[in-house]
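This report refers to the structure that appears directly beneath it.
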Amino acid sequence: MLHIVVCIKQVPDSAQIRVHPVTNTIMRQGVPAIINPYDLYALEEALRIKDKFGGFVTVITMGPPQAENALRKALSFGADDAILVTDRAFAGADTLATSFALASAIRQIEKNMPVDMIFCGKQTIDGDTAQVGPGIAKRLNLELLTYISSITSVSAGKKEIVVQRRSEGGVQVLKTRLPCLVTMLEGSNEMRFATMPNMIRAARTTVKRWDRIAAGIEDVTKIGLKGSPTVVSKVFAPSPKTVKAEIVQTESNEPQDLVGSLLMRMFTKFPHVREELEKSATV
Amino acid sequence: MSEETKKPAGKKKLELDPRLAEYRGIWVFIEHERGTLHTVSWELLGEGRKLADKLGVPLAGVVMGEPGEDTRRFCQEAFYHGADHCYLMEDPLLKDYRNQPFTKGMTDLVNAYKPEILLLGATTLGRDLAGSVATTLKTGLTADCTELNIDVEIRSLLATRPTFGGSLLCTIQTLNYRPQMATVRPRVMAMPKRDTTRSGDITEHKLSMIESDIITKVLEFIPDQNTNKINLEYADIIVSGGKGLKKQENFQLIWELAKVLGAEVGATRPLVQSGWVEAGRQVGQTGKTVRPKLYIAAGISGAIQHRVGMDASDVIVAINNDPNAPIFDFATYGIVGNAMTILPALTEAFRRELANRRAEAVAV
Ligand SMILES: Cc1cc2nc3c(=O)[nH]c(=O)nc-3n(C[C@H](O)[C@H](O)[C@H](O)COP(=O)(O)OP(=O)(O)OC[C@H]3O[C@@H](n4cnc5c(N)ncnc54)[C@H](O)[C@@H]3O)c2cc1C
Ligand SMILES: Nc1ncnc2c1ncn2[C@@H]1O[C@H](COP(=O)(O)O)[C@@H](O)[C@H]1O
């Protein structure tokens, strides 16, 4: 039986975030929190491995108390156990401090049941760094497999895994040993629906809450703001361009006239665009 | 990164730990795979050159790969693109990219020669390596930057990146840690001029590893087929469509114009999400960053998440029926009108114009 840990993060649905036009602050009231969409590919892949080979899936998140909702959702999809790592001391963590805390918590999980695989999403939609996965792998000294588009085979007995990894000019087929950490690429699978029994089970399961001590962290200089080498020194709105578009108009404003006028203006002012077009045009 | 919980730290006067003061110089990781160099490396050298000049330190390229002509050639090219120096690590184990030997090699190099700044491309390879190296060295890493600068007084890298879904930018510093690391997306920085009169020297360093130390094996490499490769990032002309095209059939108008121009086709995120075009064609914050000579945007509102991916284009032509669409705030030329009639007219006008030119050229 394989024990798989899936790291998920609760994020604000950034499609719905608005910035206050005057104060440049984030208006987060009423913005729903969701499971980081990329993490669903990780969770689904873990569940598929469990379905195929038998296994146990633990979901873990580090976040504020309300992140419990994300874990409960994961349970309703079929995860077996859920751990919320939450402590005020974690506030302000950057990726280095986050991976430290998660790695430490995973070591605690491992005390009860050895971990064969850890799954992460490709990246989060709020942090967007794609660093936490590699960070956890390095701290736990695990093989790191990023941007995995498919898991070709898992040999539970030999503790071997073959995967396809997206690289810049093609796909790498890699074979490695378990335990390992995988970050799944988007579109690699589709999340299943929650089943009624799983929903009921999710509602009944207690999500474990671990504070810093339970997560095995003694040294507070390694977590939260203190444990973060990076600091945000400035937050600002992108500067608006001062020059607005030259609006092309003609007497008739008929399409033919408008585009004729556009081409004339553009080719006069930007002869290099014309040269470029002459190079690549197919007529 | 949780910018949300952090108060901006403000400018701190900082005494750098004396052990960190030894770190000097700027490094750029020269990325290549299977003989193909990723041009983001040159873009980074161009930017790195500016930073190095501000700090008054040398700029170095880091080339890792299997022994052979390629690595030497890449060092040479690195000099042409602005490097003063190259660190070269050659070993058969570095033939294909694998996390373990590259992380080991890069961390060893950093520990041996101590650069104060290390820049990598925000590619699949660059991000995999950067995250691993930063964690191993226990230093700060800022991902996906769109702008780099230096606070010369405290020798601090000011790494600016979009945050909160691109609505805001934030500047991140790594104060009391070295090296300061950042990844930058392809095409965000301008390509420097190649200057073949430049040269530099090479420091070679051995990878202290043997194959049996490396757990992950590469069984196979399946190259992408050229026919379905989308070369949006490096296209010189792009025609893009947005939701203003209304129906999937109308997207054909984009393809037709692109065909006449020999252009690549791009799109906004909603069109990718509704399956009108492949994900590889999305331009913007969660898609590709492009900087063509000409970008034609039809039925695109110009939302910030789209804009950050394309506003470095030389000339932007926007077609939108709403005179108040945000895209007109930053486009070069605007046509207020219906994309469904303007696009065919534009295709025709370009066809005629370019055919004329060709005829003239032949006549001469
Ligand atoms: C975290 C996050 C990441 C994102 N990443 C990206 C990204 O990478 N890339 C991206 O593109 N978007 C991204 N978005 C989405 C972005 O916010 C916008 O929603 C999107 O760019 C809008 O696409 P659009 O311009 O096609 O559609 P709309 O905003 O709906 O604009 C359509 C435009 O067409 C015009 N129009 C209507 N009819 C016609 C007509 N007949 N002729 C001409 N014009 C017409 C309208 O006036 C309007 O301006 C992201 C959003 C979030 C929250
Ligand atoms: N606070 C967190 N709790 C659990 N997992 C996380 C957390 N932050 C990041 N991750 C995992 O790391 C991946 C990469 O995150 P990021 O580096 O923020 O882009 C995510 O897709 C998650 O799988």
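The values are calculated or read from the model by the stated rules, or taken from the named source; none is laboratory data. Since we're looking at a predicted model, the values are computed, not measured. Cβ: placed from backbone, ideal geometry, glycine included. Neighbour counts: every protein chain shown.
For the reader, a short list of remarks on this structure follows.
- Here A:Ala105 meets each of (1) within 16 Å of ligand 2 (Cβ to nearest atom); (2) more than 21 Å from the chain's Cα centre (by Cα) with one exception, condition (2).
- Cross-chain or 6+ apart pairs with Cβ under 9 Å, the range A:199-212 first and farther than 26 Å from A:Ala89 by Cβ, then of a type in the set (S, T, N, Q) and buried (at least 16 other Cβ atoms within 10 Å of the Cβ): A:Met199/A:Ser76; A:Ile200/A:Ser76; A:Arg201/A:Ser76; A:Ala202/A:Ser76; A:Ala203/A:Ser76
- Residue match in the range A:236-256 (condition: under 25 Å from A:Pro65 (Cα atoms), crowded, with 20+ Cβ neighbours inside 10 Å and out of contact with any strand residue (DSSP E or B) (no Cβ under 8 Å at 6 or more places or on another chain)): no
- Test for B:Glu233: is it charged (D, E, K, R) and more than 22 Å from B:Val40 (Cα to Cα): no
- The residues of the range A:258-278 include none that are within 41 Å of the chain's Cα centre (by Cα) and more than 17 Å from B:Arg291 (Cα to Cα).
- Only one of the listed residues (B:Lys206, B:Lys217) is more than 26 Å from the chain's Cα centre (by Cα), within 11 Å of chain A (Cβ to nearest Cβ), among the basic types (Lys, Arg) and surrounded by fewer than 16 Cβ atoms within 10 Å (Cβ to Cβ). That residue is B:Lys217.
- Search result, residues across the range A:75-131 that are outside any helix (DSSP H, G or I), touching a Leu at 6+ places or on another chain (Cβ under 9 Å) and either at the interface with another protein chain (Cβ under 8 Å from one of its Cβ atoms) or within 16 Å of ligand 1 (Cβ to nearest atom) (or both): A:Ala91, A:Gly92, A:Ala93, A:Asp94, A:Gly121, A:Lys122, A:Thr129, A:Gln131
- Members of the range A:123-154 found to be within 13 Å of A:Thr176 (Cα to Cα) and of a type outside the set (A, V, I, L, M), listed by number: A:Glu143, A:Thr146, A:Thr152, A:Ser153
- Here B:Val290 qualifies as in contact with a helix residue (DSSP H, G or I) (Cβ under 9 Å, 6 or more places away or on another chain), more than 10 Å from ligand 1 (Cβ to nearest atom) and more than 10 Å from chain A (Cβ to nearest Cβ).
- Criterion violated by A:Gly127 - all others in (1) over 16 Å from B:Arg127 (Cα atoms); (2) within 14 Å of ligand 2 (Cβ to nearest atom); (3) surrounded by fewer than 24 Cβ atoms within 10 Å (Cβ to Cβ) satisfied: (1)
- Number of positions in the range B:304-320 that are in contact (Cβ under 8 Å) with a residue 24 or more places away in the chain, within 11 Å of ligand 1 (Cβ to nearest atom) and out of contact with any Phe, Trp or Tyr (no Cβ under 6 Å at 6 or more places or on another chain): 7
- Residues that are of a type in the set (Gly, Ala, Ser) and closer than 22 Å to A:Asp51 by Cα, drawn from the range A:150-185: A:Ser150, A:Ser153, A:Ser155, A:Ala156, A:Gly157
- Of the residues in the range B:66-78, not one is at pLDDT 95 or above, within 14 Å of another protein chain (Cβ to nearest Cβ), assigned to a helix (DSSP H, G or I) and within 20 Å of the chain's Cα centre (by Cα).
- In summary, B:Ile230 fulfils each of the numbered conditions (1) among the β-branched types (Val, Ile, Thr); (2) surrounded by 12 or more Cβ atoms within 10 Å (Cβ to Cβ); (3) away from ligand 2 (no atom under 16 Å from the Cβ); (4) modelled with pLDDT of 95 or more with the single exception of condition (4).
- Among (1) touching a residue at least 60 places away in the same chain (Cβ under 8 Å); (2) part of a strand (DSSP E or B) - the single one A:Gly187 does not satisfy: (2)
- Any chance B:Asp329 is out of contact with any Leu (no Cβ under 7 Å at 6 or more places or on another chain), within 11 Å of another protein chain (Cβ to nearest Cβ) and closer than 24 Å to A:Asp128 by Cα: no
- Qualifying residue in the range A:140-161 (condition: within 11 Å of chain B (Cβ to nearest Cβ), closer than 19 Å to B:Ala122 by Cβ and in a helix (DSSP H, G or I)): no
- Residue match in the range B:262-272 (condition: buried (at least 20 other Cβ atoms within 10 Å of the Cβ), more than 10 Å from ligand 1 (Cβ to nearest atom), under 24 Å from A:Ser280 (Cα atoms) and within 13 Å of chain A (Cβ to nearest Cβ)): yes
The rows are residues; the columns are (1) surrounded by fewer than 19 Cβ atoms within 10 Å (Cβ to Cβ); (2) at pLDDT 95 or above; (3) at the interface with chain A (Cβ under 10 Å from one of its Cβ atoms).
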| position | (1), (2), (3) |
| --- | --- |
| B:Ser274 | yes, no, no |
| B:Val277 | no, no, no |
| B:Gln285 | no, no, yes |
| B:His306 | no, no, no |
| B:Gly309 | no, no, no |
| B:Ile316 | no, yes, yes |
